[in-house]
Every structure is written in C-alpha cells, then in structure tokens.
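Every number here is computed from the coordinates shown, using simple stated rules; none is lab data. Bear in mind that the values here come from a model prediction, so they are computed numbers and not experimental data. FYI the Cβ positions are ideal-geometry reconstructions off the backbone, even for glycines, and counts take in every protein chain you see.
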Amino acid sequence: MNAGISKSSILIGVILLLISFAPGHITSLDVDSEDALYTGLLVMTNGDILVEAIALTNNSFSLYLLDFDSCLRLVDEESLTNVTPILAIEDVDRYVGIIDLPTDDAYFLVVTNSSTIPSVMRVQVTIWRATPHPRVFALGSILIAIGVIFGRKQILDILNQIQRKRNGD
Amino acid sequence: MGKKRWNIRAIFQYELDSSYRFPTIAVLVSVFLIVGAFSALTHLVWDTEIYSGTDDISGRVNYITDVVLNMGLSVLITSISNCVLLFIVLIPLLIAFNFAQGYNSGLIRTLLTYPIERKNIILMKAGTVVFLVASAASIGSIASVLLFVPAGTQLESMVLVLSSIWVLALLMVSVSVLVAVISKSPLVTSFGSMATWFLAFIAVTHPDTPQMLKTTLFPPFAVAEYTGIGPLWVITIFGAEITYADTLVGMGMACLLAIILLGMSYIIFKRTGV
C-alpha cells in the first residue's frame, strides 16, 4: 500500500480516537410539575448515556427508560400501567449513573413523581453521551490498525534507521 | 478516446502527487470529520421534551415519529450547513496556494511546457479542489450520521443534500479560479474570494434579496429550508417557503453559473501571459 495512504489512515484513525472522547451533552430537562403524570426526554444516540437527575425539592422521583414502542403507548394511553420499562429507578432523590442502552434506537427517559399525593416536584435531569463513543472508537482503532499493518515496512525502515544511528553507522 | 481518458487520469494523478502531498488530504478529511462530529454532538434542532396532559395525542405521536425518522437527515443537514461556513475560508485558500501561487513559483509555466492544454490545467486545478473538498465534506457529514445517530434517513433527501454541497463547491471554486487568473496573486485570490463569499452570505441573510439568488448562491441552505429540519440559523434565511422545484432550479442555476465562470477563466487564462 502507498506510504501516504498508510500514514493518512493512521492520522485519521488518531483523529477519530480523539473525537470518540469528545463530550456530548444531549439534553437537559427541568421537571417542574404538580399535575403532570410524566415528563420525559426523547433520547437518540449510539452507545450508552450518562444520566444525572437531582431533586430540587424534598420529593422523591422515579426514572424509567422506555423503548420507542413503549414511548408511543405511554403518550397514547397517558398511563404507565401497560408499559414495560427497560430500566426502572424508583423512589430516589438523586441518581447519577451510566445507563446501558440495549440497541442503537430511540429511547424515552421518563421522570415521574414517586408520591401518590399531587405535590410540586422539581427535578433537574441532564443527559450526556457516555465516552468513548463506541462506533467512532471502533472505526478509529480499525483505521490505525490498517495503517500500521500496511505501513509496517515504513515503520521497520524508521526503526532500522534509528538502530543504525544508535550504533553510530 | 482511450488516450484522452488516460491523459485526464494522468493529469489528475500528477496534480494529486504534486500539490496534495501527505498530510494535506488526510488533514482535509480530518477537519470535516471534526465538523461532522461537532454538528452531531451539539445538534439541538428538535424539542425532545414531552409532557403528559395534552389534548392532541395523535399530533404528539406524529411529532415523536417525525423526530425519530428525521433525526439522521437533520444531523446531516446541520453538518452540511456548518461545512458551508468552512468552505468560505477553505476553498479560496486551496485555490490560492495550489493555483494562484503557481504564477509566482513557476509551476504554471512548467505545466505549460508539458503537452497539456490550458483548458485541462484549469479543469485539473478546479476539479481536484472540488473533488477533494466536496468528498471530504460528504464523508464527514455521512460519518456524523452513521457514527452518532441510530436511525436511518430517507435516501432521496440525503442525495439532494449531498448534491447541493457538491454544486456549491463547484460554484465557489469557479469564483476563486476566476479571481486567480485575473489577479495572478495568492493573496488577492484568497482574500478576494473570501470577501466575495462573505458578502454573498450577508446578502443571502438579508430579507429583501430575491429568493432565486439565495437558492443559486447557497443551494445547501435552500435544501435545508425545503426539508424544514435544518439548524435555526439556516431556516430563518429564507422568508418564503421553498419547494422541491426551487431547490433543483437553484442547483441548476449554480451549475450554469459555475460553467460560465470557468469558461471566462479559461478565456482569460488563454489570452494572458504567464
């Protein structure tokens, strides 16, 4: 393979590896409700998400992660009864953690009031993409590997030159 | 015919080897990958908050479905729109240092000693920049969708968006080539072309500018307006609604304008000394 293509592959691979660690803030939500049954965020991302949810009042809240079909059912029926969440974190006043999304798809992160008595609830939810971004990281690693494999002759030449210089030739 | 085709390929290869040595192309692709990633990671076109307690349930279900189906296209349009801003700086610089610089360094004179027609020199210089810049922007934008967004996108709209960036690259390059053959100076070419497109950008954002001029000068913005899911700063450029026909006419006019400008560049290049 052409030495230029091999070096280009390594360079683009390194750039992709750096991009894979770029922080990605998806969205924030300030839940401030008394009567709302649910407040939620549509999340579309590849890979996992980092969620930080903090109650700003004394109430506790519940977090549910729904797939796209369950999201449509929830919106259609306005009830969580017939909905099967992928993940349920109930009755907490603070949650910080990485949520593993099973597949690359659209998801709905729902926040509800844990208390059955209607009361003012304020929750601040922030979602980031978890780093490294898996596809970017994988592509970057593959490009570097291709560049190194096909450019090994040049790398060996460079190493030999260094060796010769050390030996004083 | 075979000889002519080989000739063009050989000229293109020569241009790549002489003017775009490592790491130029790799850096170009990397820059557009960074722009694509930035566009995807900061993409905030849709309002994704959904609350209970609405009367229009079917409208809300349709909205959610629209968001999911169009997220990929929306990221692609955002990335392409950001690439347009980069084009305004990048294309004049590339033409200035790979073509206008050749007048001072003697490269153009050397090229004229080879059995290459002047027409082919212009096409080689312009074509290489169009190909490299537009394909790098396309790769960066497609990567932003494939690497960061889970859902697919409509192929027809995607082709329309990507075609618009190729047409814009062609138009911008033809303007820069014309400035280069007139001025024969890299400094005038880079700053003159940048100023021209900066003024064009300001003119396009003005509400009184005719819509035909807007769609011709910046076809990607017209496509963003037509789909209605581009970034807000692009959507607000056009006052009226843009149809599919408007986008096609805009791209056609831009191509025609680019061909006329390249023709003028060839005539000037042929009649002036090097």
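List of remarks:
- Between B:68, B:35, B:175, the GNM of chain B built on Cα springs shorter than 10 angstrom shows B:68 fluctuating the most.
- In the protein assembly as shown, a dipole from Cβ-located charges (positive for Lys and Arg, negative for Asp and Glu) runs towards its positive end, and of B:31, A:140, B:16 it is B:16 whose Cα lies farthest in that direction.
- In this calculation the C-beta distance from residue A:94 to residue B:27 is compared with R0 = 51 Å, giving a FRET efficiency of 0.70.
- Value of D in µm² per second that Stokes-Einstein yields for region B:55-152, Kirkwood Rh from Cα pairs, at 4 °C (1.567 mPa s): 77
- Fraction of the pair-distance distribution of region A:1-92 above 19 Å, Cα-Cα pairs, percent: 59
- Per residue convex hull volume, Cα atoms of the protein assembly as shown, in Å³: 201
- Separation of region B:198-215 from region A:38-100 is 45 Å, based on Cα centroids.
- Among the GluC sites (Glu not before Pro) in region B:149-251, those located in a DSSP loop and surrounded by at most 14 other Cβ atoms within 10 Å of their own Cβ are B:241.
- Chain A: relative contact order as a whole-number percent, Cα under 8 Å and 6+ apart: 42
- Stokes-Einstein D for chain A, Kirkwood Rh over Cα pairs, 25 °C, 0.890 mPa s (µm²/s): 128
- FRET efficiency estimate (nearest 0.05) - Cβ-Cβ, residue B:113 to residue B:233, R0 41 angstrom: 0.25
- When the alpha carbon gyration tensor of chain B is reduced to an equivalent ellipsoid, the three semi-axes, largest first, read 39, 20, 16 Å.
- Note on region B:9-271: dipole from Cβ charges, positive end direction compared against B:237, B:167, B:78; the farthest Cα belongs to B:167.
- Peptide ranges B:90-99, A:43-52, B:164-173 listed from the most packed, as the mean C-beta count within 10 angstrom indicates: B:164-173, B:90-99, A:43-52
- FRET efficiency, residue A:25 to residue B:10 (Cβ-Cβ, R0 60 Å, nearest 0.05): 0.75
- Average partner coverage of A:39-45, which counts Cβ from other chains inside 10 Å: 6
- Around the Cα centre of chain A, unit charges on the Cβ atoms of Lys, Arg, Asp and Glu (plus for the first two, minus for the last two) sum to a dipole of about 1820 debye.
- Average beta-carbon neighbours from other chains, 10 Å sphere, peptide A:98-111: 2
- For the protein assembly as shown, the Cβ-based charge dipole about the Cα centre amounts to some 4180 debye (Lys, Arg positive; Asp, Glu negative; other atoms uncharged).
- Over the protein assembly as shown: helical MRE at 222 nm, DSSP H runs n ≥ 4 each giving -39500 (n - 2.57), nearest 500: -21000 deg cm²/dmol
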